[in-house]
1. For region 1-87, please list each of the helices (runs of 4 or more DSSP H) lying entirely inside it that holds at least 1 residues being open to solvent by less than 80 Å² (accessible area, probe 1.4 Å) and under 24 Å from residue 124 (Cα atoms).
2. Quick check on region 195-212. Is at least one of its residues farther than 23 Å from residue 85 by Cβ, hydroxyl-bearing (Ser, Thr, Tyr), open to solvent by 20 Å² or more (accessible area, probe 1.4 Å) and in a helix (DSSP H, G or I)?
3. Can you name every residue in region 88-105 that is part of a helix (DSSP H, G or I) and either charged (D, E, K, R) or open to solvent by less than 50 Å² (accessible area, probe 1.4 Å) (or both)?
4. Only one residue in 156, 192 is over 14 Å from the mean Cα position of the chain (by Cα), part of a helix (DSSP H, G or I) and hydroxyl-bearing (Ser, Thr, Tyr), so which one is that?
5. Do you know which residues across region 170-191 are open to solvent by 70 Å² or more (accessible area, probe 1.4 Å) and among the β-branched types (Val, Ile, Thr)?
6. Assess whether residue 167 counts as being touching a Lys or Arg at 6+ places or on another chain (Cβ under 8 Å), crowded, with 19+ Cβ neighbours inside 10 Å, part of a helix (DSSP H, G or I) and not aliphatic (A, V, I, L, M).
7. Can you tell me how many residues in region 122-147 are touching a helix residue (DSSP H, G or I) at 6+ places or on another chain (Cβ under 6 Å) and assigned to a helix (DSSP H, G or I)?
8. Do any residues in region 30-43 that are within 15 Å of residue 227 (Cα to Cα) have Cβ atoms under 7 Å from those of residues that are among the β-branched types (Val, Ile, Thr) and surrounded by 11 or more Cβ atoms within 10 Å (Cβ to Cβ), where the two are at least six apart or on different chains, and which pairs are they?
Amino acid sequence: MTSSRKSWLLITLTLLTIVTIFLFPPIAQPLSFHHFADTRPLWDIPNFANVFSNLPFLLFGGYGLALVGRSRAPFAIRITYILLFTGVVLTGLGSAYYHWNPNNDTLVWDRIPMTIVFMSLLAATVAELVSRRSGIRLLFPLVATGILSVLWWHYTETLGKGDLRLYYWVQFYPMLAIPLLLWLFYRPTVRTIFPSLIWIMVWYIIAKIFEQLDYPIYRAVISGHTLKHLAATVSTLCFIFLFRAQYFTDGADAIPAATPR
């Protein structure tokens, strides 16, 4: 398949998913979303488990930023991963802030950083598999779309007509696009990052399952939402594995797999 056909296939998928999500009526945020299984306080911290379980995001995100700072990866790649790991750090802060006092207003600060992570990951995947130029061109429009999706949702909630459709697209579209990118643009030179991308998606799916089973898991062991945070941090740890596999080899910078076109 030629590069132009591959590109058109990706464009078609993107347009199809956008049209499909907007065929549904607006989706409001149920207030029950803020009712978590484990609300126990500790050391005067409300909802302690769901607040404290965000600490690994700060650790992994900070380490990722330090790793990018030590690398001699191409400028476009460094910018992309700086945004990605900054999003991880902000996710830890925003999620802890939200879980301290769960409501729609604090949820904004939980969701905005997550959209930075989702969209930066997609741009990084394009940069690694397609070209650095394409990745950096998409990075800021994608991140802006992610942030806008949260602001739009919150604005519509204030009008009493909540609309999560764009946010849902931002959250789930990368999970469709990344496997397609791996299939269309796979080549031997990217096999070092292939496992990390797969595990990123696997652990994200596990995190979503834990999220849906918050109460049943809590009755059996520990809060499902707390486990969701931990599973999501394992997914973000895979970002570090991806970057190290691509740009560090035995302590030295590796040759980037993507071409600079």
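1. Numbers: elements: 3-21, 48-52, 55-70.
The helices (runs of 4 or more DSSP H) meeting that bar are 3-21, 55-70.
2. No.
3. Here is the first cut: in region 88-105, the residues part of a helix (DSSP H, G or I) are 88-100, 104-105.
Within region 88-105, 88, 89, 91, 92, 94, 95, 96, 98, 99, 104, 105 meet the criteria.
4. Working: 192 fails: part of a helix (DSSP H, G or I).
Answer to the selection: 156.
5. Filtering region 170-191 for residues open to solvent by 70 Å² or more (accessible area, probe 1.4 Å) gives 172, 176, 183, 186, 188-189, 191.
Scanning region 170-191 gives a single hit, 189.
6. Numbers: touching a Lys or Arg at 6+ places or on another chain (Cβ under 8 Å): yes; crowded, with 19+ Cβ neighbours inside 10 Å: yes; part of a helix (DSSP H, G or I): yes; not aliphatic (A, V, I, L, M): yes.
The answer is yes for residue 167.
7. Narrowing region 122-147 to residues touching a helix residue (DSSP H, G or I) at 6+ places or on another chain (Cβ under 6 Å): 122-127, 129-130, 132, 134-136, 138-139, 142-143, 146-147.
Cutting the leftovers down to assigned to a helix (DSSP H, G or I) gives us 122-127, 129, 132, 134-136, 138-139, 142-143, 146-147.
Number satisfying all stated conditions: 17.
8. Filtered contacts from region 30-43: 38/226.
The values are calculated or read from the model by the stated rules, or taken from the named source; none is laboratory data. All values derive from a computational prediction rather than experimental measurement. Cβ sites come from the backbone with ideal geometry, for glycine too, and all protein chains shown count toward neighbours. With ligands, DNA and RNA removed, areas are computed over all heavy atoms of the protein, side chains included. Shrake-Rupley method; radii C 1.70, N 1.55, O 1.52, S 1.80 Å.
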